[in-house]
């Protein structure tokens, strides 16, 4: 189990790096306002605001992934899959309620994503490797196998996005933000695939 804990830390570090990169890509692409250049100290204020937004976004992006990683770790300790699944569902439900996003459709969409991630993390926690990218390479062996997983994950993430947009009334603003995130995730995954395979 000690070896699994080390791999879990590698995976979590990889996911945190990815979440920060997505957040920075989404948040920093917005151009600074004219005030940024006209007022002394505005740069610092803007930097702190963007840092706070990046941290908040990363936390939201990571929550289901951390939950799934914990679930995978529990399953590797031979815990009952049904019990783990119930804990994951309660974790997602509580998280959504805390965000004032209490929606059964959103819960189901997140559970689809988390279930897919649990199986992915179980694969990553198995091979003997010393890096996050090495774990992915060993777990999936070919670019095509990993791309198949990423296609499934993207579909699950789009389900979450659709449920979230529906919850917020399907406004243009929410769709623009969700699309900006999707584009950033796709770009980073393409780079990651080239780096790993």
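No lab work stands behind these numbers, since they all come straight from the coordinates. Here the structure is a predicted model, which means the values were calculated and not measured.
Going by alpha carbons, how many degrees (0 to 90, nearest 10) lie between the helix axis of 2-28 and the longest principal axis of the chain?
20
Would you kindly calculate the mean projected area, averaged across all directions, of the convex hull enclosing the Cα atoms of segment 132-172, in square nanometres?
Mean projected area for segment 132-172: 3.8 nm², to one decimal.
Could you work out how far helix 81-98 tilts from the main Cα principal axis of the chain, as a 0 to 90 degree angle to the nearest 10?
It is inclined by approximately 10 degrees.
So what is the relative contact order for the chain, in percent, with contacts set as C-alpha pairs under 8 Å and at least six apart?
Once divided by the residue count of the chain, the mean separation gives 26 percent.
By how many degrees, between 0 and 90 and to the nearest 10, does the Cα long axis of helix 143-167 differ from the longest principal axis of the chain?
With both axes taken from Cα atoms, the answer is about 50 degrees.
If you look at just the Cα atoms of the chain, how large are its Rg and its Dmax in Å?
18.2, 60
Over segment 58-145, what relative contact order in percent results from Cα pairs under 8 Å that are six or more residues apart? Before the final figure, lay out the partial values.
Numbers: 57 pairs, mean separation 27.5, N = 88.
Relative contact order, segment 58-145: 31 percent.
Could you give the distance between the Cα centres of segment 104-142 and segment 152-197, to the whole Å?
When both Cα centres are located, 18 Å separates them.
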